[in-house]
Amino acid sequence: MSPAQLLFANLRRQPAHVVFAASGIALGVGALVFFVALSVGVKVHLLDRVVPAHQVELVPRSVQVGLFERQGGLFGAAPLDDALVARLAAVRGVEQVWPRQQVSFPALAEGGEGVIGQTMYTELLADGIPPHLVADRHGASAGVNAFVDWDAERSCAADPGSAEGAVAAAGEAACAPSERCEGGRCVARACEPEDEIWSAPTRADAQRVVREITQRFGRGVRADVREVRGRWHVTVRGAAIEEVLFRLPLAELTGEPLDDRRAACPEPSWCDATSRRCAMPVPMLVSPTMLELYNGNVQSMMSGMAGNQRLPRLSEDALIGLRVDVTLGQGIVGRARGVVDAGVAPERVQLRLVGFSDAAMPIGATVPIDYVRRWNARYNAEAAGETYHSLLVQARDGAALQRVTALAVDDLGLDVHPRYVRARQASGLLSLVAGVFVLLSLFIIGLAALNVLHTFLMQVAERRGEIGVLRALGARRGTVAALIVNESLVIAVIGWAVGVAAALGLGWMTTAAFARLTPDFPFKPEALFVYPWWLLACSLAIALLFAAVGALLPARRAARLDPAEALRD
């Protein structure tokens with residue numbers, strides 16, 4: 001009989017001992033795999049989605065002095081400018097540095113008709129980042145969905161809509177859809193705003209049209225008056241122009257309709273009512289956090305407000321192209337400093353969603369930084385310098401993140417954004433809890449090793465005669481010892497397989513119960529467990545190691561048995 005046949009024959013002969021020895025290993029391995037997979041899953045599916053791994057946001061340090069908060073600390077700090085961006089980017093292991101500048105004046109954002117069926121109003125929360133930082137996904141190749149500064153001056157060889165435009169000279173930028181090429185430069189197209197439906201000679205005549213619209217449509221349609229080159233135009237939102245004109249008593253009103261002589265702008269541009277020129281919407285990026293918040297919380301809240309109609313869950317693809325109207329300089333909280341002190345008129349712009357990105361601010365909109373610089377210079381000159389409000393640093397690994405954080409905090413007088421501090425604390429707490437359960441699992445496997453030791457000591461005592469026969473037939477001491485150790489390793493593999501299977505099954509049941517019993521909330525993970533290959537490999541190695549250690553003393557005792565004494569017994 002070969003050694004392998006002898007090994008499996010011994011295991012089959014005493015199944016109770018095999019089950020007894022393997023059960024402890026299965027329990028320890030199952031606990032180890034379950035808790036480590038849970039901690040990895042929570043980190044990957046939850047923590048890293050809230051704050052991406054190896055990323056930190058640096059902000060100016062602030063200290064509390066009495067009732068006042070002072071930016072820059074008591075002794076000042078390094079300004080957040082291009083020189084600091086270059087210094088941090090030069091740190092070994094740093095991959096990218098995102099400078100961010102916030103919109104630092106009141107602005108009113110309105111929109112949402114196409115998403116929730118009604119117009120929502122809110123104060124604009126926005127910041128700007130350099131477009132090249134997201135050029136890999138939202139660069140010029142994205143066409144009209146590119147994250148670029150459409151208001152920057154561009155030269156051209158020919159109108160991109162013409163045949164000559166297809167062979168424009170190298171290095172010359174193509175015009176935006178809102179522009180045409182004239183004299184080698186891109187010039188905005190003339191247009192008539194689509195929301196203007198009526199032209200009246202006096203304001204009183206226009207106001208009469210507004211009253212008629214309000215009486216016939218109620219609050220579902222918004223009508224207003226706009227002065228255009230000495231005449232008064234009536235604007236309408238919330239209904240089709242054709243429908244409004246059809247229901248108005250045209251013969252009783254002074255003026256004329258405008259829908260038959262409208263110069264429209266090509267998509268996705270829009271007509272600026274002030275300049276009467278086409279303009280490209282400001283491209284904006286939104287963090288996936290915003291979508292998670294809507295699908296997790298806002299959807300349920302707004303569905304309750306809307307009555308019995310439940311609002312749909314939204315996806316990234318469905319939201320691309322969403323537009324938001326923004327009034328710069330005039331918000332819910334008041335007017336901008338430039339409007340009050342310098343008499344700058346509020347400006348109306350459109351924002352258009354072109355994509356989702358982790359580089360965007362968590363709550364709000366992120367636009368190309370040159371827009372924010374121009375807006376801040378116009379409405380809040382104090383915030384228009386070349387300094388930034390924060391810097392987002394992406395490192396290659398944890399060591400690089402520690403280096404750049406230490407440089408920023410200890411040498412440059414900056415602080416880490418509290419959101420990242422809390423995320424690191426949560427990650428540390430999760431690691432601590434996982435470590436406790438790993439130690440508990442190793443303790444269980446250690447007890448299993450003692451179980452293996454006890455089992456095989458009993459087997460060696462019961463098989464003295466058999467071992468004596470093997471030694472008498474010429475089996476060496478190493479062969480006998482290897483037989484005992486190999487039996488323990490086979491038991492370890494059986495226990496490992498049972499433990500992993502139990503951990504997988506329990507993990508599947510836990511995930512199913514979590515999905516069914518817990519309500520939706522932001523960043524609710526679809527899975528709670530992640531089983532990396534190294535976890536399965538390490539658990540197998542630990543099981544084999546502890547089983548082999550437990551079998552060493554019985555193997556040594558079996559190898560040292562005297563054949564003559566064993567056969568006499």
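Fewest to most neighbouring Cβ within 10 Å: what's the order for Trp270, Trp533? Don't skip to the answer; put the middle values down first.
Numbers: Trp270 22, Trp533 7.
Arranged by neighbour count, lowest to highest, Trp270, Trp533 become Trp533, Trp270.
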- Taking the dipole of the stretch 196-262 about the Cα centre (Lys, Arg +1; Asp, Glu -1; charges at Cβ), the one of Gln207, Leu245, Leu258 that reaches farthest to the positive side is Gln207
- If a/c stays under 1.5 just call it rounded; otherwise compare a/b with b/c (prolate if a/b is bigger, oblate if not). Do that for the stretch 196-262, with a ≥ b ≥ c from the square roots of the Cα gyration tensor eigenvalues. rounded
- Query: Just how large is the dipole of the stretch 196-262 about the Cα centre, in debye to the nearest 20, putting +1 at every Lys and Arg Cβ and -1 at every Asp and Glu Cβ?
  - Reply: 260
- Burial order of peptide ranges 217-223, 389-395 (average beta-carbon count within 10 Å, highest first): 389-395, 217-223
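Show me the ranking of peptides 323-331, 187-195 by mean Cβ neighbours inside 10 Å, starting with the highest. Walk me through the numbers before you get to the answer.
On the way: 323-331: 20.1, 187-195: 18.2.
Packing proxy ranking, top to bottom: 323-331, 187-195.
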- Query: Which ³J(HN,Hα) values, rounded to whole Hz and listed in residue order, are derived for the stretch 353-364 from phi using the Karplus coefficients 6.51, -1.76 and 1.60 in 6.51 cos²θ - 1.76 cosθ + 1.60 with θ = phi - 60°, glycine and proline given as x?
  - Reply: 6, 10, x, 10, 7, 5, 6, 6, 5, x, 10, x
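Can you sort Ile484, Ile332, Ile241 by how many other beta carbons sit within 10 Å, fewest first?
Details: Ile484 25, Ile332 12, Ile241 17.
Listed from fewest to most nearby Cβ atoms, that is Ile332, Ile241, Ile484.
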- Message: On a full-extension model of 0.36 nm per residue, what is the gain between Arg92 and Val436, subtracting their alpha-carbon distance, rounded to one decimal in nm?
- Response: 120.5 nm
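Using a 10 Å cut-off around each Cβ, can you sort Ser315, Ser441 from fewest to most neighbouring Cβ atoms? Display every interim value, and only then the final one.
Details: Ser315 10, Ser441 23.
If I rank by nearby Cβ atoms, fewest first, I get Ser315, Ser441.
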- Cut-off under 5 Å, modelled amide H: who pairs with Leu258 long-range: Trp198, Ser199
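Just so you know, all these numbers are worked out from the coordinates, no wet-lab data involved. What you see is a predicted model; the values in this text were computed from it and never measured. Note that each Cβ is placed from the backbone with ideal geometry, even for glycine, and that neighbours are counted across all protein chains shown.
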